[in-house]
1. Above 24 Å lies some portion of the pair distances; for region 1-97, what is it as a whole percent of all C-alpha pairs?
2. Which of the aspartates and glutamates could a cross-linker bridge to LYS319, judged by Cα under 20 Å and excluding same-chain residues fewer than eight apart?
3. What value, in deg cm²/dmol to 500, does the helix sum -39500 (n - 2.57) over DSSP H runs of n ≥ 4 give at 222 nm once divided by the residues of the chain?
4. How high is the relative contact order of the chain, given as a whole-number percent (alpha carbon pairs under 8 Å, six or more residues apart)?
5. Past the 24 Å Cα-Cα mark, which pairs from LYS220/LYS243; LYS2/LYS29; LYS81/LYS146; LYS35/LYS56?
6. What pairs from LYS23/LYS77; LYS161/LYS205; LYS133/LYS205; LYS239/LYS277; LYS4/LYS42 go past 22 Å between their alpha carbons?
7. Estimate the FRET efficiency between HIS158 and ALA288 by the formula 1/(1 + (r/R0)^6), using the beta-carbon distance for r and 35 Å for R0, to the nearest 0.05.
8. Can you work out the PRE-style zone for LEU90? Point 7 Å along Cα to Cβ, and I want the residues of region 109-129 with backbone N under 14 Å.
Amino acid sequence: MKFKQMIRTLSDSERKEFGNYLKAPIGRKPRISNKIIDAFVKNEDFENFMNENFNKRSQWNSYSELTLSLEDFLAAKRLLKNNNNRNEFLAEEFGKRGLTNLSIAFYENEINSLTNSNPDEEILTRSLDLQWKYHELLSGTGETKKLRSILNSRYEIHTIKFAFESLMLQLEYESVKATSKDLRVELFKALNINIDFEKIVRLTKTIAPHFYPLLNMAHKTRNLHSQPFSFSRFENVRKYFYKNMDSFTLDFKGRMYFMLINYLIHMRNTGHERIDKHLFELLRKRSAKESPETFSAGNLDRSHFRDYVIIALWVNELKWASEFIENYSILLPTRAKRK
């Protein structure tokens with residue numbers, strides 16, 4: 001039964017919170033008797049209580065109501081913990097209630113605050129979403145100067161987002177096509193748009209410098225993977241990555257580590273054997289900066305896990321390989337651990 005599965009995952013404090021929620025729900029009121037709610041709150045043998053006091057049909061109806069309430073409770077907890085969602089809902093409520101000045105102030109503060117966040121695809125998406133809502137809000141206020149400014153900014157951010165997503169898609173394709181001969185990419189190949197990425201990156205440095213390191217890193221890495229193997233080009237990209245990595249999000253750093261390590265692995269597989277130490281240095285630097293829980297952001301699976309251990313063995317780093325297996329094998333699926 002769904003409710004019984006879900007309720008087992010609650011901590012004691014969450015179970016108590018849910019009991020209080022049943023008495024005073026934020027949304028829909030569950031169609032169950034107070035007797036059932038009281039029994040649940042008292043933390044009695046609830047299943048036994050239900051069996052002794054209600055027939056199968058009544059139990060089914062009550063459990064269905066409890067399931068819906070528990071889903072509402074868990075969703076409400078998640079929403080309240082997410083300040084972005086909470087604040088945007090609040091701003092929309094301000095607008096609906098005629099408190100336009102409060103709503104405008106919220107969007108201005110949120111848009112400005114994003115310039116202090118490490119940029120990534122999520123920040124670009126959120127920035128566009130906020131600017132669109134802010135633009136709609138300003139449309140009826142006569143704030144011509146603000147409207148023009150936000151419209152220009154929307155076009156700029158949209159262009160950067162499109163360029164970044166296009167570069168990352170091309171980078172992914174270039175990275176996997178060598179090992180995926182049967183890759184079906186007819187639609188991707190049809191998207192052969194002549195985009196001047198060099199110019200977009202150059203203009204971003206002046207117009208939106210906050211996003212420049214992110215876009216330039218994607219551009220450099222895409223170019224690296226789309227051209228013949230070159231260790232000097234790799235070194236140029238690696239140095240840029242190390243120099244700017246503190247301005248990148250954990251997820252983007254993980255993706256870039258993954259792409260750079262993959263590049264050297266493919267390079268080695270084509271006969272460039274004097275790069276083992278450089279491969280291992282990338283691995284060691286990454287594992288030193290990240291916990292096992294965050295390391296998986298770079299797509300760590302069984303084959304990559306095995307490759308990383310082998311790389312350490314190539315350079316006779318037996319202790320590191322042993323510690324890596326001990327610390328990071330928890331990230332592997334149970335079936336993969338046995339293999």
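1. Details: 1319 of 4656 pairs.
Result: 28 percent of Cα pairs exceed 24 Å.
2. The qualifying aspartates and glutamates are ASP276, GLU281, GLU290, ASP307.
3. On the way: 19 runs with 251 residues, N = 339.
Result for the chain, helices only: -23500 deg cm²/dmol.
4. Working: 215 pairs, mean separation 35.6, N = 339.
Across the chain, relative contact order equals 11 percent.
5. Details: LYS220/LYS243 14 Å; LYS2/LYS29 19 Å; LYS81/LYS146 32 Å; LYS35/LYS56 17 Å.
Over 24 Å Cα-Cα: LYS81/LYS146.
6. Working: LYS23/LYS77 16 Å; LYS161/LYS205 14 Å; LYS133/LYS205 26 Å; LYS239/LYS277 16 Å; LYS4/LYS42 17 Å.
Listed pairs above 22 Å: LYS133/LYS205.
7. On the way: r = 37 Å, r/R0 = 1.07.
That gives a FRET efficiency of 0.40.
8. Backbone N within reach: 109-110.
Just so you know, all these numbers are worked out from the coordinates, no wet-lab data involved. Values in this document were obtained by computation on a predicted structure and should not be read as measured data. A quick note on method: Cβ atoms are made from the backbone with ideal geometry, for glycine too, and the neighbour counts reach across all protein chains shown.
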